[in-house]
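One structure below.
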């Protein structure tokens, strides 16, 4: 069964999150996803609030930019969420937008090296290991969590380019792909992830693939989707995004699922006029049509 989610975009004021999260919980939505975009809401703080306001919906953060975070802090916060809300938190890490990283003086010379070191250390800490490492960016001296998660937890990583996608297979438990990923590109990502897993001796185990899908319904939906794709640098592409009723959206979700997506997260446009209505649409109209 394909997992279906929706995004609470950080263009919305933080105080809007409570009503959206509670509606997601009450309406039966599988997952509610949050973003840590500079310089808007923090990912961990919003995730903790959303989890506390709800009872059953899973809450994902996709993603936490690793240049901004010491890996020990990431591990402490992740472990806290996993212990307080077992089975409901989903955390992804990634390079972050490089221009934003430059604005705060955190841009790494080798983002790929930083992400690899962060993932290896983070997964070890969350597994309850005591870690000493002297990497190019990640340095830990006899560090272990006092309160690690009580069981195994997955660490996801965001990726766009082929080298990073392959790295997620090597060093992460799942991969998050952006809304500019077509079904054919999901298939290509699955192949690259497999190559990474083979290279790391991890072949055969599960690896979750989460794909964002830009979506809109109602008056002006097509224009809003095209405008957002243009802003993402993908204007003119007809294999991305979906505008229309629940049936059209469900068909687009199924195309991504058939290509290898385990979870499809519907991303409203940046000017979505009714965030609560969008969540209700996803949960009550689209969800029943997606196997």
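The values are calculated or read from the model by the stated rules, or taken from the named source; none is laboratory data. For clarity, every value in this text was computed on a predicted model and none was experimentally measured. Cβ sites come from the backbone with ideal geometry, for glycine too, and all protein chains shown count toward neighbours.
Condition check: part of a loop (DSSP other than H, G, I, E, B), closer than 22 Å to residue 146 by Cα, in contact (Cβ under 8 Å) with a residue 12 or more places away in the chain and touching a strand residue (DSSP E or B) at 6+ places or on another chain (Cβ under 9 Å). Does residue 96 satisfy that? Quick ask: steps written out before the conclusion?
Numbers: part of a loop (DSSP other than H, G, I, E, B): yes; closer than 22 Å to residue 146 by Cα: no; in contact (Cβ under 8 Å) with a residue 12 or more places away in the chain: yes; touching a strand residue (DSSP E or B) at 6+ places or on another chain (Cβ under 9 Å): yes.
For residue 96, the condition - part of a loop (DSSP other than H, G, I, E, B), closer than 22 Å to residue 146 by Cα, in contact (Cβ under 8 Å) with a residue 12 or more places away in the chain and touching a strand residue (DSSP E or B) at 6+ places or on another chain (Cβ under 9 Å) - is not met.
Which count do you get for residues in segment 275-291 that are touching a strand residue (DSSP E or B) at 6+ places or on another chain (Cβ under 9 Å) and farther than 10 Å from residue 4 by Cα?
Within segment 275-291, the subset touching a strand residue (DSSP E or B) at 6+ places or on another chain (Cβ under 9 Å) is 275, 278-279, 281-283, 286-287, 290.
Now narrow it down to the ones that are farther than 10 Å from residue 4 by Cα: 275, 278-279, 281.
Matching residues across segment 275-291 total 4.
Have a look at 122, 112, 126 and point out the one that is without any contact (Cβ under 8 Å) to a residue 60 or more places away in the chain, under 22 Å from the mean Cα position of the chain (by Cα) and farther than 19 Å from residue 79 by Cα. Can you show your working first?
Values: 122 fails: farther than 19 Å from residue 79 by Cα; 126 fails: farther than 19 Å from residue 79 by Cα.
It is 112.
Please verify whether residue 143 is farther than 30 Å from residue 53 by Cα and crowded, with 20+ Cβ neighbours inside 10 Å, treating the condition exactly as stated. Judged against the criteria, residue 143 is not a match. Checking the structure you have, find out if any residue of segment 22-37 is over 21 Å from residue 213 (Cβ atoms), touching a strand residue (DSSP E or B) at 6+ places or on another chain (Cβ under 8 Å), at pLDDT 95 or above and not in a helix (DSSP H, G or I). Looking through segment 22-37, none of the residues is over 21 Å from residue 213 (Cβ atoms), touching a strand residue (DSSP E or B) at 6+ places or on another chain (Cβ under 8 Å), at pLDDT 95 or above and not in a helix (DSSP H, G or I). Just checking, does segment 39-58 include any residue being out of contact with any helix residue (DSSP H, G or I) (no Cβ under 7 Å at 6 or more places or on another chain), assigned to a strand (DSSP E or B) and surrounded by 14 or more Cβ atoms within 10 Å (Cβ to Cβ)? There is at least one residue in segment 39-58 that is out of contact with any helix residue (DSSP H, G or I) (no Cβ under 7 Å at 6 or more places or on another chain), assigned to a strand (DSSP E or B) and surrounded by 14 or more Cβ atoms within 10 Å (Cβ to Cβ). Counting only helices (runs of 4 or more DSSP H) that sit wholly inside segment 159-235, those with at least 1 residues that are within 26 Å of residue 247 (Cβ to Cβ) and in contact with a strand residue (DSSP E or B) (Cβ under 8 Å, 6 or more places away or on another chain) are 183-199, 221-231. Scanning segment 238-254 for residues that are modelled with pLDDT of 95 or more and not in a helix (DSSP H, G or I) yields 239, 240, 241, 242, 243, 244, 245. The residues on offer are 97, 7, 104, 71, and the sole one that is closer than 26 Å to residue 254 by Cα and either over 18 Å from the mean Cα position of the chain (by Cα) or at pLDDT 95 or above (or both) is 7. For residue 175, the requirement of being within 18 Å of residue 7 (Cα to Cα), touching a residue at least 24 places away in the same chain (Cβ under 8 Å), under 16 Å from the mean Cα position of the chain (by Cα) and crowded, with 23+ Cβ neighbours inside 10 Å is met.
Residue check: is residue 150 touching a helix residue (DSSP H, G or I) at 6+ places or on another chain (Cβ under 9 Å), surrounded by fewer than 18 Cβ atoms within 10 Å (Cβ to Cβ) and touching a residue at least 60 places away in the same chain (Cβ under 8 Å)? Yes: the conditions hold for residue 150.
The condition of being surrounded by 22 or more Cβ atoms within 10 Å (Cβ to Cβ), in contact with a helix residue (DSSP H, G or I) (Cβ under 7 Å, 6 or more places away or on another chain) and not in a helix (DSSP H, G or I) holds for only one of 12, 91, that being 91.
The set of residues from segment 62-88 being within 18 Å of residue 121 (Cβ to Cβ) and not in a helix (DSSP H, G or I) comprises 63, 64, 65, 69, 70.
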